[in-house]
Amino acid sequence: MSVPPPSPRLSIGLVGFGAFGRLIARHLAPYAALTIHDPYLPAGRLAAEPTAVAGDLRSVAACPVVILATPVASLAEVVQALAPHLRPGTLVVDVGSVKAGPAAILRAGLPAQIEILATHPLFGPQSAGNGAGHGLRGLKIAVCPIRGRRPLRAAAFLRRGLGLDVILTTPEAHDRAMASVQGLTHLIAKVLVAMEPLPTRMTTRSFDLLMQAVDMVRHDAPDVFHAIERANPHAAEVRQRFFALAQQLDAALSAETLDAGPDPLAS
C-alpha cells in the first residue's frame, strides 16, 4: 500500500527580527517554513537562526503569508518597499501595539488583491516566557480582519493551533481599550522605574505584584512606548485624565482639613 507524500509546509515570510520577531519565529517554526528579513541585523545573526532561513525582501514577499514585526513608526516605509513584490492573494499580517493607524497604512499601501489581517498579541517576550518550554496557550490576541477571507482562517489557526484566546475586534475599538490597558500600565511603569531604587525586601504582596507588572514592560524598546503613548489616538485623553485625578488627589492630601472622610476622587 503506497503512502501519500506529506503535504508541503506553509511558507511564512517575517519582516523584522527583534525580540517579538524571535518570539514569533520560535512558535511558528513547528508549523511553517520561515524566511526572515531584517535589514538592521547582521547577516550572520540571521544565518545562525535555527528556526528559519534569511532572505531578502523579495524572497519574503514570495511567501503566501507575510508577517510584519516592525516598529509602528517604520510600518509605512516597510509596506511601500514590500508592496511591489507581493503576489495576488498574499495575506499580510501586522502585530503592532496600535491598530487604527497601521490598518489605514496597510489598506492604502497594499494592492487590492492583497488580504490584510491587523493583529495585536496582548503579550510579549516577557509575559510569554523566553524558554523553549513556554507555550502561548491561553494568552490573548486582538484580531482585526481588514480585507479578504483568509484573515478568518488565520484567526482559526491562532485559536486551534496555538491555543490563543482570539478576540475579534475593530481597530477603533482596540485602540480605545489599549489607551487605558497599555497606556496606563506603561505610564505607571515608566514613573516607578524612574523612582528606583525602591524597596525589595520589606514589601507587601500588592507591591510585589505591581513591580512584577513593571518588570514585564521595563525592557520594552523605546519605540513600543512611543507607539502606545503617541501613536494611539486615544492615549492622550486617558493620560490627561490620569494626571488630573492624581493632581486632585495630591491637593486633597495636602489640604490641612483632610480627614478620614469621603474619598476625594469619588464621583
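The values are calculated or read from the model by the stated rules, or taken from the named source; none is laboratory data. If you're wondering where the values come from, they're calculated on a predicted model, not measured in any experiment. Using ideal geometry, Cβ is built from the backbone for each residue, glycine included, and neighbour counts are taken over all protein chains shown. Remember, those area values only see protein heavy atoms, side chains included, never the ligands or the DNA or RNA. Shrake-Rupley method; radii C 1.70, N 1.55, O 1.52, S 1.80 Å.
Points worth noting:
- Number of the condition not met by Cys144 [criteria: (1) more than 27 Å from Ala235 (Cα to Cα); (2) open to solvent by less than 20 Å² (accessible area, probe 1.4 Å)]: (1)
- Qualifying residue in segment 184-191 (condition: among the hydroxyl-bearing types (Ser, Thr, Tyr), part of a helix (DSSP H, G or I) and open to solvent by 70 Å² or more (accessible area, probe 1.4 Å)): no
- Of the residues Thr204, Thr170, the single one that is open to solvent by 60 Å² or more (accessible area, probe 1.4 Å), within 23 Å of Ala104 (Cβ to Cβ) and polar (S, T, N, Q) is Thr170.
- Odd one out for His219 among (1) more than 24 Å from Ala19 (Cα to Cα); (2) in a loop (DSSP other than H, G, I, E, B); (3) touching a residue at least 12 places away in the same chain (Cβ under 8 Å): (1)
- Residue within segment 38-46 that is touching a helix residue (DSSP H, G or I) at 6+ places or on another chain (Cβ under 6 Å) and aliphatic (A, V, I, L, M) present: no
- Among (1) open to solvent by 70 Å² or more (accessible area, probe 1.4 Å); (2) under 23 Å from Thr70 (Cα atoms); (3) among the hydrophobic types (A, V, I, L, M, F, W, C), the one test that Leu210 misses: (2)
- Tally, over segment 222-231, of residues that are of a type outside the set (A, V, I, L, M), farther than 15 Å from Gly18 by Cβ and crowded, with 16+ Cβ neighbours inside 10 Å: 1
- The residue of segment 10-23 that is nearest to Ser59 (Cα to Cα), among those that are open to solvent by 10 Å² or more (accessible area, probe 1.4 Å) and modelled with pLDDT under 95, is Leu10.
- Within segment 165-217, the residues that satisfy the criterion of being under 18 Å from the mean Cα position of the chain (by Cα) and either among the polar types (S, T, N, Q) or at positive phi (or both) are Thr169, Thr170, Ser180, Gln182, Thr185.
- In segment 78-163, counting only helices (runs of 4 or more DSSP H) that sit wholly within it, the ones holding 1 or more residues that are over 14 Å from the mean Cα position of the chain (by Cα) span 100-109, 150-160.
- Any hit, segment 250-260, residues being modelled with pLDDT of 95 or more and open to solvent by 60 Å² or more (accessible area, probe 1.4 Å): no
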